[in-house]
1. Quick one: which of A:Thr155, A:Thr100, A:Thr91, A:Thr140 is modelled with pLDDT under 95, touching a helix residue (DSSP H, G or I) at 6+ places or on another chain (Cβ under 7 Å), assigned to a helix (DSSP H, G or I) and farther than 30 Å from B:Leu177 by Cβ?
2. Residue check: is A:Ala147 more than 29 Å from A:Val89 (Cβ to Cβ), surrounded by fewer than 21 Cβ atoms within 10 Å (Cβ to Cβ) and more than 10 Å from chain C (Cβ to nearest Cβ)?
3. I'm told A:Ile224 meets every condition in (1) touching a residue at least 24 places away in the same chain (Cβ under 8 Å); (2) within 14 Å of chain C (Cβ to nearest Cβ) except one. Can you identify the failing condition by its number?
4. Against the definition (within 9 Å of chain A (Cβ to nearest Cβ) and either surrounded by fewer than 19 Cβ atoms within 10 Å (Cβ to Cβ) or in contact (Cβ under 8 Å) with a residue 24 or more places away in the chain (or both)), how does C:Gln162 come out, yes or no?
5. Anything in region C:86-120 that is of a type in the set (Gly, Ala, Ser), more than 8 Å from chain A (Cβ to nearest Cβ) and under 30 Å from C:Val163 (Cα atoms)? List them, or say none.
6. Would you check if there is a residue in region C:15-37 being touching a residue at least 24 places away in the same chain (Cβ under 8 Å) and either in contact with an Asp or Glu (Cβ under 9 Å, 6 or more places away or on another chain) or of a type in the set (Phe, Trp, Tyr) (or both)?
7. With respect to the numbered conditions (1) more than 21 Å from the chain's Cα centre (by Cα); (2) at positive phi; (3) touching a residue at least 24 places away in the same chain (Cβ under 8 Å), which one is the sole condition not fulfilled by C:Gly204?
8. Select from region B:158-183 the residues that are out of contact with any helix residue (DSSP H, G or I) (no Cβ under 7 Å at 6 or more places or on another chain) and more than 13 Å from B:Asn117 (Cβ to Cβ) and list them in ascending order.
Amino acid sequence: MTVAPPGPSAAEGDRFTKTGGEGGPGHRGARDGLFPPLRGLLPLIVVLLGWQLAAARLPPYFPPPTEWAQGLVELARDGLLLPAATATVVTFCVGLTAATVLGTLFGLAVGASSTVDRGLRPTLESARAMPPAAVVPIATLLFGFTATMKVVVVTSAAIWSILLNTRSGVRQLHPVLLDMSRSLRLNRRDQVRKVILPALWPSIFLGVRVAAPVALVITLLVEILTQVDGVGALIAISQRNYKFAQGFGLILVAGLFSLLVNALVSTLQAYVVMRHRPPR
Amino acid sequence: MTVEETTPPGPAIDGAPRAVACRCRDTSVDLSFRGGSRRILDDVNLELLDGEFVSILGRSGSGKTTLLRVLGGLLEPGPGSLVQFHGESVVGPPEGVVFVFQNYAASLLPWRTISKNVALGLEGRVPRREMPSRIQEALGMVGLQDRAQDYPWQMSGGMQQRVQLARSLAMRPRGLLMDEPFGSLDAMTKASLQDQLQQVHQRTGTTIAFVTHDIDEAVFLSDRILILGGSPATVEHDIRVDLPRPRDQLATKELPEFLRLRRCVYNAIAAPGG
Amino acid sequence: MGVFRRVNGLGLLTMIVLLGLWEVLVRSGALDFQNLPAPSAVAARAQDLVASGELLVNLLHTVRVTLLGWLIASVVGVGLGLVLGLWRPAWRWSMASLEMLRAVPPISLVPLALFVFGFSVRTELTLIIYASSWPVLINTIEGVRTVEQELHDVARMLRLSQVKTLRKIVLPAALPSVVVGLQLSLSLALVLAVVAELVGNPSGLGNGLILAQLALRPEQVFVYVFTIGLLGIVLNAAFRQVAARAFGPAIRGQGGAP
């Protein structure tokens, strides 16, 4: 992981694309479509039904599904749900955007210059090895229990796949592309804006596609750990106050967020790839 | 198909002596590799006249592409070299010179339509109003007016190379540097592109430096053929091609003069230092 | 691994310069974060913690639980993955449910687990096992299913029995994907261990970290954070070594695991 032979840049990219584990639905082989057959939902339905029916005999911290909805309604009525959801979405979006911008910039730098790459690699690799959970206490020390702290943690976790994918994208840029833009006498700005960045979009968005679920999970993590606003904070607080139904309702919300994020990002990425790196 | 046998031999354009479009004096190039550098070109001297079609031939690795890149300002020559285009020293890609790459697929932008690809070099230089006519004119010269709204990846290789040519022509270049532009195309496509290039050349009077591996192609298209050889390479031969124009794929290639030149070029390449 | 064969002097230099810069900035008061300790203070504190044995005890706890949880998760993930990947009806009739379940971030279950299992190792282990089963499971399913399509014909043409097909073609071909899953799981296991220790279990590196934070001892926080980061690197490197030893040629040829 530290000083890696030349291979890992590409392998890293591969690993991220192959990461079904974090990729979310939609990364199955093309022949399966975007989602496995819907009849596969049956076990889940059976479990939930059984849960509902057996609710009386289950301990109080496993409230039946119907109460989850009620819990959410309660939260909404108390005016807690919407602000929390907003806070989570804002942290997620700002963090992911910052990660995309910074990841792209760093990726460009380390991709374009092997000297910069060698110079920064050990530092970046060590930073990457830091589990986000361990970053939280440092971030709170430095930034306090604030929205900024949340964004910093999310960004620091989500930046890596974008950085690595951008780096390998830059390395795979065809030299002809650069020669061509020079020969047409594009100025530096146009060269970046019209040729290099568009050519890198597929790589960058591949990174974003992997980074987005990470950003969401880390948003929840930081909220649960620090209880600064957001759905994660509400989950922690509701459990602590024995509001189990609310807790499950919120977990459901988190699940919905994650499905939504995956669907959005997959669609976006498919679009970018189709437009910018069409079949040859 | 008949050849105008009456056309006198000699340069295609008659009259006053032509100006020098491109000049190299004592040009050398060192390329650095991992752990050292190697001299690729040494003491290259050449002059391309305005409107001339000059092919550059040589064996693989003889530095043809390197020379072309130097002429195009994509590669800086070694100290003491003099490279000029219409009297101006070449520092970076000179105005009025466009490079045409062999790898058309990599040089076209897949996210732009054909007309947008052609527009790439014009944007910010040509007034917006003039843009459509410039694009149409360029596409017209390569016979692709009807495909303006398609994307490069919807086209065959030959068409993509035409798009690249159109993109260069849209700049109304005084010089075209073509690096094995037809190298990866099949024989039929190649022939039709050669014809098209010939027409473009006649029509625009652009100076063209054309790197190729293909002896027939060089003889068929050129006014003059330069042969690189040696290591580091220099210009070893400078062969005039006085075949009548316009040239025809069948008739021209059956002329005794064509066959003689073909043999002459072949021998020049085959015999090192000859 | 080229770790020791090729020392990246420039990289190390950058790191040292950055650390030096940090030291200088803190000492001169140019950085106006209240709680940022200088690297020298962190190093001094690290020495104390090593000397007192506190760090080692916590480290061992975290390593033990991470590895145990990961091993169990690997067995569960590979086992379930093989069933779902090889037996189509099982996949058809349950994969959609799993995908839904997978959408629920395991992190959001931390408070619940805490409540059900209390402040104990059980909380920690349960979370680790649940969360880190997913990558192995998904990658095993994917590996096995992808193979099935591609090499099916070969097996048929060679007239291999089903058992032989499984043993000689399907499993080896799925291996790279599984190994990638295992590696992801290991990183995830460490993350979950730290999270669980931060919020619930009264031992381990995460716990040391949170105690340091509550005691407002920034140097100590940094010592724990660096230890956790280092542990992540070591675990990952160790995994690569072991995987390369164990499956070396089998996974390298297929370009699966790095």
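1. Checking each option against the conditions leaves just A:Thr140.
2. No; evaluated as a whole, the condition is false for this residue.
3. (1)
4. No; evaluated as a whole, the condition is false for this residue.
5. C:Ala90
6. The answer is yes; a qualifying residue exists.
7. Single failed check for C:Gly204: (1).
8. Correct list: B:Arg172, B:Pro173, B:Arg174, B:Gly175, B:Met178, B:Glu180, B:Gly183.
The values are calculated or read from the model by the stated rules, or taken from the named source; none is laboratory data. Everything numeric in this text was worked out from a predicted model, so none of it was measured. Note that each Cβ is placed from the backbone with ideal geometry, even for glycine, and that neighbours are counted across all protein chains shown.
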